Structures are given as structure tokens and as C-alpha cells.
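The structure under discussion appears below in the form of C-alpha cells.
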């Protein structure tokens, strides 16, 4: 038991480091960069094979292992580089195309995505279909060689700067819900597509709503057979789970310890208060536990074993913990904890930011409740919930108001 | 807003007090009394009408209000009197008979139950049918004018000293589960009935298992129509809920405060430790909350309004709290908390007793989970769980192993 | 047994709810959220006209001399509606402090004006991002002048005057604390709105630069009066929290009944059912503790300090839980600006911090229990 | 990255599980529960034959010189099986104390005998129903004689000798604490089994009436050695807890899959699914923290104290939760003597108390974090 690379891993890490030293240039602090810079960096990576380490070489990848991919990520994270806007295209859509796409589709899309020439987004969720994605109601109807799509998609990251989208819509409402879906690629410049920002309670806008009004999509953009949309979408969703696992924490236990040292409660510094200490201890073992769960799956990966659904555990623990920790830090600041002015509040109000941001984290990419269902069903192999929606025509299902 | 009796209540309380002063005689400490003494005291109460305050006068009751019943209970609890073994007979079975019994059945059973001549128990739950009572599998088959019952009942309080029982059994397994049940009265002396004590993890035995082997019950003992057993049982269960509400606590927050004063943690008396104080505060507000919930429903009762399902809230809060509080008190005693010798451990090991007893409290009379369902469905009017067992023959239902 | 509000009090409550539903809808709250306005002036005007500001002020001082039980039912409805008005500052804090510690002259000067809504008062206690204690406080009162910065001051940009918790003398003990009444519109006072997590409620930085003030109560007696004021306010704020928590439960329930997933209302899944049951349980515990607090407040019971702390602890727990799990029940829509869930999430947090932290009230509660259990 | 046990260690673990399943089934545990026997002698004999008692003892002292990672995998299986043997007292406590603080002579005398199972040792620390601290402890060591009562002493009725935590000198600080080795079969020692909540594990009252003892380590250095011993034992006990918690999750899962209510397995209800998911989450957090503890223990890492406390805090949380919710999942059957759930409930509690309370370990963990974060 140790935390060291195997000889092969060490060699790969050295190779990556050498390449990054030559090719990666950290953005100077304070500089703002955008999609243009992201695309430029992607082109450099793609040319060297690092943009798709695990892809087969025939598609421009490196034919490498998942562990090599992790090592590259660890090393790249030492640099302050342009944001990666290719997670959906390179991480999810292209792997799906490799399985379900026609030769022409692969030919058309894979290289431009890999080299950062085209950015992709995902048109899956709808206002009425989130956890229950197969319940999408956006309709596509055949009209000659085209499909005409009408509907309303939501939670689309990067919708406003993406060139292409993967889209799941209902082509037949008169069959069971999972049978009536079809999967498409759509050009985001197509007339009838309108992208609007969603304002979150934090005041930020990380997501878009996308309205589709008589959007014409040629049948050649269809992926897989008519009615096979759910099967195709599942390929994408499998890759999504592994992408979402790592959640960035602004502030955590270390900051809480320092805050507790700095503020007074009624009877002394907060760090001397056993109720404060107990929470620090509890959150620390959670943090450590998640860290070592990750190292255990990296070890499995290093041995060529595909890790299990531990990213569900990570999110199920860290999202509510983030909310609770932030709320508690604010309590330590007493009435002043309500202040949201970065000049006044410790850590430039990072606890307060987290408190506003955490409710979204508990929901996006799988709610607390869905994650526990996933753990129960996929890890513990317990039965699924009773389904009342699978064996009758979609159009017969009740929908609420 | 006050905590006083209305003039009518005060008058009734005075009447009760006067009667109790004359007729109730506290058992001297250290004296052991049994069912004989309980029966004798019941006879005295019944003669005066206090054994069934809310019953109509025609059945030997006092025709009084629920509030009067509460007042009597409060006053009676000032005395140390023989245990009440008539809760099932007088509290549940006879009120059910008043609704569903034939004139002959009422004539036969009500007076002896009221006057304590016959003690009743309940043969409802089975090893495979607890929360899901309608899933009972004990069978009754018609044989001439009799029914022949075979089966296995469990969680029967007082089974070993009861004269009569109310019994729910399946008379038709080929119809839906709620339709195939029939309700009986059975004499506990009938050949084929065997009563065995169940040893709980606390080492005590508060319940029995009851085995029924070719037990012959005359059809005249049937209550209600064949197949109406569920409807009749519901009448009993409604009365059970209100009987279970009040849960006796051995030790609580006051004892925890005193314990925390007496024991040292690493750095001073436990009461000075904020993590200890926080738990005391949390459990105190729960205790107070339940107390004032009770006073609010007494107020409703006092105005003639039937209280809602607050006994579910009481049990849902107090059962897990009891387990947690006991476990925490044991932690305060450090390694010594494991000792279960009344001579050594504070409060004659009452915290340790509670810790062993609480798991049962979280289950008996409605598990934590069932209680939350009840609150969700009956108070908040949320939908029931999806049922897969109601619209096919009982005999087709899967049963596990 | 009569542990409930009277029929008259319930009628008052119904009227309050009706008025607030009508005049202070969440649209009004959003207007304060989205603009620079500090409070809803029309709603406040209506409240004054209804006499709520004088509910617990004796008729001799221009009030309507009802009492604190009446104030509790109003508070619950204010909490439910999130009404963006300086009611708690002016009524629970300033008015109560004057009733407890004001000289006859001070009462004559301020109480009728408070009752009539001609003046709005507040309490200035906090001095930044930690608990304000005799040890940590720095704002001084010397030679009739107040010096230092108070932050956040609730409704500090709205109030005409503040009761400022000040240090008199250099000690760090309770006897070094006094209360001073300061005209916030007068000389030596600068104030500016703070950016906070609950923009539906004004919070302010108030800087005193030798601002003239006069003592409220005895010099060195401020800490003791402050505790009494906070206890009394804790019961009233608890009713606001109970009202808010109840609103969250109702929102969550409505949404869960009407939102379908997997072909059925999400309210039919145990994960949601039990979440809402937990909300209900906490709300009932909060309500029942608060009823006891109301009784203790209205009768000035010896147990008031414990009853107040119990009300506050239970109500803080309930509203914080209900507000965050209401968002969770709403799923993705719950964390959009457009949905109203966050308004309650914000208010829940402010109320839980407003009179001092959850931990500090738990500590206070246990101190009271210790006194009671003293051998 | 190689954050896992080696193939050899996993093989040892499989063998341990096989041996214990075979020789130490819950029937064996129940035999100790229901009779006056203090431990399962046959199982102990088998354990000694397998060499487990000498796992971490160097070959020079008669051990097999494997190491603590091997001890961790054995501990997990002992925890899973609830094996009623004095392993933790003799191996995690007595052996570790001797390895840390024993003189060459003491090591020569005790370690080979411990490895060979000829002797069983224990640690006598607690003195009743509160934490044993330099301030609260009373058992004294003066002129080579130990005087006072230790209670509970794990495996005190079984062990041949105890390392007794004693006061030397009258102070109340850490420097007043020493360790003394006392022959429990010798003069001046009386012992009797205690009635406890975990009768599957011997706990004893040991009375020392001028019992002869010899110092282990320096006089006044006992508290520091004790902390090291407890840290090391905390990691090993954490593995027992992880094993026990895993057993509970498996029991609960099996039962929930096979128990039907309302026409379907109770494992299909979200209330049960999410309960078991919570168990799994806690178990995974405990296991991962404990792996780190194992690494720190096996490498004597500077971070050992924090790693040990983290292991213990997470593992105590996991096993206590799994044990009580396993009963709950079993419903009515769960609280019968006949079902095995209570065996785990009892053991979980004992393990959580055995090295000092949950709260005290949390406190210790934060003290370590403070050192690390010291400016």
C-alpha cells in the first residue's frame, strides 16, 4: 500500500510533464480568456493526442488507458489554462457517435470536435423531464426528408456558444415512453432555435433554456434508428456520470478551522467550542473519506479495473455537506454571516457564495434522492422503484399541471 | 391561552378526585400485584362508571367526553394502582363489537369485559404480516358449523393470561388480499392454541407468539360477514393508534443534564462541553414540543374536537430520540457506559436499559417508516405508495422466502 | 385546558393573512429584491393603519393595548408573507426595549410615535462578522456621544432612531455595556445599505462619529436589558419563522402533488413523502414550543428565558430545514431566480442569524435549564 | 497509485474469513452470550495456530514478522465474525504497548509468549463510568505495588497480565501517569466478570490490593505511551468496526430482499433503499479512512494520530449506524433475542466505547488538525 505511480505510470507522467512544459502556458492572473483561447489550446492538445487519450488511434486518439487520462488531468491542472468547453463533444457525444453513428456521421463530426473547431452542447432535459429524462415531450414530426422539431429544453450548459447539439425528442407519443424517442444532431444556427440564459438563485447563469420552434433537421442528422433514442441517450448518460464526479469546493474544512480560530463566540474563540469541533471532525472525515475513495478507484483504474459508481457516493455526500458547512460557517459569523460583500466577509464571502450555490449542486446532475436510488440499485442491487409508466402509451400518462 | 380547566372540567376533576380518594388505594412500594388485583380494581371502576367513561350508558359506560377520560387518567396516575390489562378488551375490542357485533355477541361479551371478568388479547400480526397486516396467511376453513383455524400469530401482549382474543384470518385466498379476511372471537382455552413467550433483545418478554393448530371456532363467534374481516379490523386499529400515543420515558433530558454534571470528559465536566450542551438543547426542545403538542390536542379535545394524528408525530420523534439519547448518555460514561449492572451505573442503568429497549419502540405499533407514511398520507394528504398487491388474488402474490 | 389562541386572536390572524395576501404578495417582495428600495412603503402604511405597530403598547402611550399574544399571530403572518417592512426592528426590538427600560419621558416621546408609525426604531448590536459580546464590542458611549461602527443594523437605513448597544467604561464584562438612544437622522450618523444574502430586508452599516445619544436604562445595565429584549423578540421572531416554515411546507406539497415524474406525482415517492413528513414534524415542534413561548411572553412568566430560547431553537431548525428542502423538492426549478423558493431560503437564514446564532441560543437554553435543575 | 492491500494480504484476508466462518460462526458467539464462558477457547487456539497473535511481532521476538497491514485485514474479519476471543486486548493493546515501551528484558519475556498464545495480555485503563484522565484516575503505583480498582478491563478475566495505567506521584497532569505490568494471576489481584451490554466479550472488574508490578517505560511517561497505543489500536479496531458494519449491511440487504410486504420486497421501498444506501455510504467513508489509517500505521507516518482518529471517528459512526438500522430493517424480528441483529448492536456499542468515547476522539482529531494548520 502506497501512493506512488507504477513504473509505467511514472514514465507516462514524465512524458506528459515534458510535453506540458513545452506547450502549456498558464494564463497570467487577472487575464480573461474565452472560447477562442479554449479552442486554440484544444487544437494543440489534439495534435499531440492529449485531447483524447483514451480514444482509439483510428479516431485521432492516443489509444491510452483511463489511468493515463487521469495522470494527464493531474498534470494539466498544475497550469492555469483556458476552460474546457469540449466535455460534451469530446467526452460524451463523440464516444456515443463511435458506437451509434454512421460512417458519414463519424467522418463529419469527430475530427472537428476533437480539434476544437466545433463546440457541442446537449439538449436533453426539459422543464417537465429532469430526473425522468425519458419523459421528454419535445416533438419531432417527419416532413419529407426532414424532421420538424417543437419543444423546450433546459439546463443546457454552453448553449449560447455551441455550434452543434445532441438532441433527444419524441417521435411517437403513442408507444411506451422509452420506445418513442429518437436521437439527432442539430446545428445550433438552425432557424427556430432560441437560447436564453437561466438566472440561478446565486445570480449567476450557468445554464440555458433552449426553445425549438419549427426547427428543421434533415433525417441524415438522425443517430440510430427511429425509436432508438433512449438506447443512444443511455450511452451519453453513462459517460456523463463519470464526468460529473469531481466537484470543486471553494472552501472547506481548512477554511472553517481558520474561521473558527478568528471569530469569538459568547465565551471564547469558536475553535475552543466542542460543538464547533465536532462538526469540523465530522466534515473532515467525510472529506478524507471521499479523497481516499477516489484514490481507491484510481488504484482500481491503475490495475485496469473500471471503477464503480463511487462518483454517486461523492456527490451524495459532498453536495449536502457543502450546504451545511457553509450555513454553519455563516452561523459562526453571527448576524454578520448574512453580509454578502466580498470586502467585508472572511474569504471574500466564499462561504456565503457556497450557501447560495449548494442548493443547485444538490440537484444538478442527479438529485440527492436519485443518487441514493442509484447506489441502492446499481451498487447494492436492490429492486427499482415500482414503475407505472413503462407499459402504456406515453400519451396516456398523467402529467400534472 | 392558559393551562387551566374550564369550570366544567374543574368540576369533573373534583368529582374524580373525591371518588379516587375514597376508592383508590396505592400499592405499597415493593409489593408485587398481578392480574387478580387488576381485575378487582377494574370491577370497582366499572361499578362507578369510570372503567368506560366515553362509552354510552346503555353499555355500562358513563356517556362522558374524551376530555373527561383524560382528566380521569391524569388523576388516576397519581396513584400506584394495578396494571391495566383491559386496554385491548375495553379500549379496542368492545368498541368494535358495539359497531360490528350482533345483539347476542354484545350481550355475551361487553359486560364481562367491562367488569374485568374476561381479559382480551389480539391475534392480528404474523411473522410475515406486520406493517402489512392485511397480508395475514393464517387460514380458517369452514367445517360444518365451525371454522378450523391453522396459523401462527405474533406480538400478542398478554396472550398467556387472556381469556378471549380477537382474531383476523384468511378465509379465501383466491380473492384480493383485503377481501378474503374474516374476523372472529376465540376462546383462548380452545384446544390447539399454544402460547409462547418471545424473548426480546432486552431479555424481557412483553409479547407472545400464538400457534393455532386445528383450532375449532363456532361460526357464531364470527364478527361481521365472511370476507369483511379487514373492515372490522380497521375499527380496532383506529382505536389502537390513539392508545399507543403516550410513551413512557424512563430517563430523559433532566437525567442527562444531571449525568453531564457528574461525569468528567477529557477537559472538565461534561455539562461544560458545547457538543453535550447542543444535544441537551435539541432533545429538550423535542421533549417540550411533544409536551405542547399534547396540550394543544387536549385543548382541541376540551372543545370537543377529535385530535388528529399527532400521536404519530409523538412516536416518530420520541422513539429514535430515546435511542439516541441513551446511546449518547452511555458515551458520556466512556468505557464504563457498557456496564449493565444496576449497582454500578448511574440511574440504576436506566440509560442502558433504554438503549436495549428503544429498538423495539422504533418498531412496535408502527415503524418509524410507517409513521412517516401515515403523516404524509393522512395529515399532508399525499398519495399512498404504489400498490401492486391489491387487485389480484392473494394466492398469486409473491411472498419471499 | 386552553392552550390555544382565543377566537378573537384567530380572527385577527385571519385578517392579517388576508391583508398581507392582498397587499404584500411575493411580487411586492420581489420588487424590494430587485430594486434599491429598502422596504414596501405602502404595506407599511397599511400595517400602521391597522394599528399593528401599537399592538402591545399600552393605550396610555398611544397604543391599542392588546398584548403579545396578538403580536404573535401577526408575526406568524408576517413571516408567512415575507413582508418587506421594518416591523421586527421597530416593534419587537425598539418598542420592547423602551417598554422595558425607558424613562417616563422616553416612553412619552417615542412610544406614541412608534405606535402611530411616525417613527421607526431599531436595535444596533452587531459589529461585524462575529458575536457581539461585552468582550468583542467596541462602539463606545462617552460624554453623551456614540463612536464606532455597527453592522449589520436591521432596517438601519429606514429607522429614525436606534437603540445602540454601547460600551461605557473600558471593561470587558457585562457591566461595561449600556444602551443609548441615537437619532439616526441627526449629526454624526452615516449609514449605507449592505449587500446581503437577504436583499428583501434592509440591513445597514451605521457609522457613529460622536453622534449624540441618551442612555436608555441605567449605565452598565445595558446587557441585562438587552437579554430581556432579545428573549422577547425571540418569541416573536419564532412566530415569523413558524409562518415561513409553514409557507415552505405548503409550497413543497403543492409542487410535489403537481409535478409528475415516472408517470406519477413525485409526492408519491417515499423519499419526498418522508421529507415532507420531516418538515411537518419540525414545524409542529416549532409551533408548539412557540405557543409556550407566547404564553410565557404574554404572562411575563419566570420561565420566559427558557421558553424563548426553546421557541427560537425549534423555529430556527424548522424554517432552515423547510426552506432548503423546499428548494430540493422543486428540483431544478427550485434554484432558479424565477421561482420563489429562494426568497424563503434567504429569509430563513436571516431570521436564524438575526438575534444571534443558533449555537448561542442553544447554549443559552441549557444555561436556563441548569438554573432550573440547580440542586 | 497503489492504495490497496496487496494480493498476499487479500489472500490472508480470504483465509481469515474462511477460518472464522468455519470455526467461529454466530453459534459460537451465542454460546458465549448464553453461558458463563468468557471466550471461545477453540477459536482462540486456532487463531494462535494460524500465527495471527504474532502477526506484527518481529521474528526476533517469536513473531512471524509480517506487519500491521496484515493485522488490519485480520481485524476486519474478526469484526465481521464477532469472534469472542481476547484478540484486541492481547494483540492491539498489550503487544503494541510492549513493542513501543518495553525494555529488552520485558520484550524477551512477554512477546514470544504473546505470539505463541502462551500468554494473553490486556490494558487496564478505565476506572468506572467516566473518561479516565490524569485528573480522574485514582489507581496508584507506589513502591512497586498497584492499588485500586480498574473497571471495565477488557478480557480481564482471561488475561495473564495487564498493562495498568497508574498514577505515580500525586499530580493531576499527564506527567503523573505511568504504566505498570501486573501479573493478574498473582498476589493482590481479584477479578470478577462484569454484567455488560455486550456479553459476547469479557469485561471485568479488577481490584489491585498492593499487587506487585513493574514499570513499562519511564515513570511519568505513561500518558504519552498510552496515546500511542490507543492511536495504533484505534486503526485496528476501526477495521473490526468496518467488518462489523459490512456484515450488518449484508444482513439488512438479504432480509430486505426476501421480506415481502404489500406484495413486494421491502427492499423496493425508497425508505429502505435509501436507508441501505446511507449505510453503504457510511461504510465506504469508514473503509477509506481506515485504509489511510492502515497506511499511516504500517509506515509509522507523522500523520498517524490524525489518521487514527479519522479512522476511528468514521468507523464508529458507520458501525453504530449500520447496527441500529439493521435492526430497524428487520422490523419486529430484529428486536428478538432469536435473530442475530442484536449481537452486532451490542458489539458496535462496545467497540465505540472501548478506546474512549466518540466525542473524545473527535476532539482529538481536531487537535491534530489544529497542529497541522498552525500558522
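Computed from the coordinates by the stated procedures, all read-outs in this text should not be read as laboratory data. These figures come from a predicted structure and were not determined experimentally. Reconstructed Cβ throughout: ideal geometry from the backbone, glycine too, with neighbour counts over all protein chains shown.
Can you check how the C-alpha radius of gyration of chain C compares to 2.2 N^0.38 Å, as a plain ratio? Mind showing how you got there, number by number?
Working: Rg = 20.5 Å, N = 375, 2.2 N^0.38 = 20.9 Å.
This ratio for chain C stands at 0.98.
Assuming R0 = 60 Å, can you tell me the calculated FRET efficiency for the pair residue A:111 and residue D:14, based on Cβ-Cβ distance, to the nearest 0.05?
Result of the calculation: an efficiency of 0.75.
For the range B:268-385, take every pair of Cα atoms, bin their distances at 5 Å starting from 0, and report each bin as a whole percent.
Bin by bin from 0 Å, the calculated values are 2, 10, 15, 16, 18, 14, 10, 7, 5, 2, 0.
Quick one: if the Förster radius is 45 Å, what FRET efficiency do residue A:395 and residue B:174 give, using the C-beta to C-beta distance and rounding to 0.05?
After rounding, the FRET efficiency stands at 0.80.
Using the reciprocal of the averaged 1/r over all distinct C-alpha pairs, how large is the Kirkwood radius of the range A:289-343 in Å? Before the final figure, lay out the partial values.
Numbers: mean 1/r = 0.0732 Å⁻¹.
Evaluated over the range A:289-343, this radius sits at 13.7 Å.
May I ask for the angle, rounded to the nearest 10°, between helix D:358-372 and the longest principal axis of chain D, with both axes built from Cα atoms and the value confined to 0 to 90°?
Roughly 70 degrees between the two axes.
Between residue C:116 and residue D:105, how many nm apart are label points set 7 Å from Cα along the C-beta direction?
Here the answer is 9.7 nm between the modelled labels.
In peptide A:340-349, what is the residue-averaged number of other protein chain Cβ atoms found within 10 Å of each Cβ?
Across the residues of A:340-349, the mean count of other-chain Cβ atoms within 10 Å is 3.
Counting partner chain Cβ atoms within 10 Å of every residue's Cβ in A:300-312, what's the average?
1
Does anyone have the angle between helix C:222-258 and the longest principal axis of chain C? Alpha-carbon axes, 0 to 90°, nearest 10?
Once rounded, one gets 20 degrees.
Report Rg(Cα)/(2.2 N^0.38 Å) for chain B, keeping two decimals.
Against the empirical 2.2 N^0.38 Å value, I get 1.08 for chain B.
Just want the ordering: A:298, D:257, from fewest to most Cβ atoms lying within 10 Å of their own Cβ.
D:257, A:298
To the nearest 0.05, what FRET efficiency results for residue B:157 and residue C:6 with a Förster distance of 35 Å applied to their C-beta separation?
Values: r = 42 Å, r/R0 = 1.21.
So, using R0 = 35 Å, E works out to roughly 0.25.
Of the peptides C:304-316, A:34-46, how do they stack up when ordered by the mean number of other Cβ atoms within 10 Å, highest first? Write out the running numbers ahead of the final one.
On the way: C:304-316: 29.2, A:34-46: 17.4.
Ranked from most to least packed, the peptides come out as C:304-316, A:34-46.
Using the Kirkwood radius built from alpha carbon pairs, what does the Stokes-Einstein equation give as D for the range B:63-186 at 25 °C and 0.890 mPa s, in µm² per second?
150
Obtain the radius of gyration and the Kirkwood radius of the range A:1-129 from its C-alpha atoms and give Rg over Rh.
Details: Rg = 16.2 Å, Rh = 16.0 Å.
Rg/Rh for the range A:1-129 comes to 1.01.
What is chain B's relative contact order, in percent, from Cα pairs under 8 angstrom and six or more apart in sequence?
13
Would you give the gap between the C-alpha center of the range D:2-51 and the C-alpha center of the range C:252-329, rounded to a whole Å?
Each part reduced to its Cα centre gives a spacing of 49 Å.
To make sure I understand, if each residue's beta carbon is the centre and we count other beta carbons within 10 Å, what order do A:353, C:155 fall in, fewest to most?
Values: A:353 21, C:155 27.
Going from least to most buried by this count: A:353, C:155.
Once the label point is placed 7 Å from Cα along Cβ, list for residue B:146 the distances to the corresponding points in the other copies, in nm, shortest first.
Spelled out, the distances from residue B:146's label point are 8.4 nm.
Say each of residue C:172 and residue A:26 gets a label point 7 Å from the Cα, pointing the same way as Cα to Cβ; how far apart are those two points in nm?
4.1
Sorted by average packing, counted as other Cβ atoms within 10 angstrom per residue and highest first, what order do A:10-18, D:59-67 take?
D:59-67, A:10-18
From zero outward in steps of 5 Å, how is the percent of C-alpha pairs of the range D:231-358 spread across the bins?
So the P(r) values, bin by bin, are 2, 13, 21, 20, 16, 11, 8, 5, 3, 1, 0, 0.
Which whole number gives the average, over all residues in B:352-358, of C-beta atoms from other chains lying within 10 Å of the residue C-beta?
Taking the mean over all residues of the peptide, I get 3.
Taking the mean number of other Cβ atoms within 10 Å as a proxy for protection, how do you rank A:220-229, C:47-56 from highest to lowest?
Highest mean packing first, the order is C:47-56, A:220-229.
Put the label 7 Å from Cα along Cα→Cβ for residue C:22; what are its distances to the other copies, in nanometres, shortest first?
Distances to the matching label points in the other copies: 8.5 nm.
Expressed as a whole percent, how much of the Cα-Cα distance distribution for the range B:156-284 exceeds 27 Å?
Distances greater than 27 Å cover 48 percent of the Cα pairs.
State the Cα centre-to-centre distance between the range B:107-170 and the range A:15-86 in whole Å.
Answer, in whole Å: 74.
Viscosity 0.890 mPa s, temperature 25 °C: what is the translational diffusion coefficient of the protein assembly as shown from Stokes-Einstein with a Kirkwood Rh over Cα pairs, rounded to a whole number of µm²/s?
68
Can you tell me, using C-alpha contacts under 8 Å and at least 6 residues apart, the relative contact order of the range B:258-401 as a whole percent?
RCO, the range B:258-401: 20 percent.
Which whole-angstrom value gives the distance between the alpha carbon centres of the range B:258-318 and the range A:353-373?
Comparing the Cα centres of the range B:258-318 and the range A:353-373, I get a distance of 31 Å.
So what are the radius of gyration and Dmax for the Cα set of the range D:46-177, in Å?
Just the Cα atoms of the range D:46-177 yield Rg and Dmax of 15.8, 45 Å.
Return the chain C residue and its Cβ-to-axis distance, rounded to the nearest Å, for the rotation relating C to D.
That would be C:270, 2.
If one takes the longest principal axis of the Cα atoms in chain A, at what angle in degrees, from 0 to 90 and to the nearest 10, does the Cα axis of helix A:350-361 lie?
Once rounded, one gets 30 degrees.
Which whole-number percentage describes the relative contact order of the range D:183-322, with Cα contacts under 8 Å and a sequence gap of 6 or more?
Relative contact order, the range D:183-322: 25 percent.
From the label point of residue A:7, set 7 Å along Cα to the beta carbon, how far off in nm is each other copy's matching point, shortest first?
Those label-point separations list as 10.2 nm.
Return B:355, C:223 ranked ascending by Cβ neighbour count within 10 Å, so the fewest neighbours appear first.
C:223, B:355
Per 10 Å bin, what percent of the C-alpha pairs of the range C:130-242 does each bin hold, from zero upward?
Result, from short to long distances: 15, 43, 36, 7, 0 percent.
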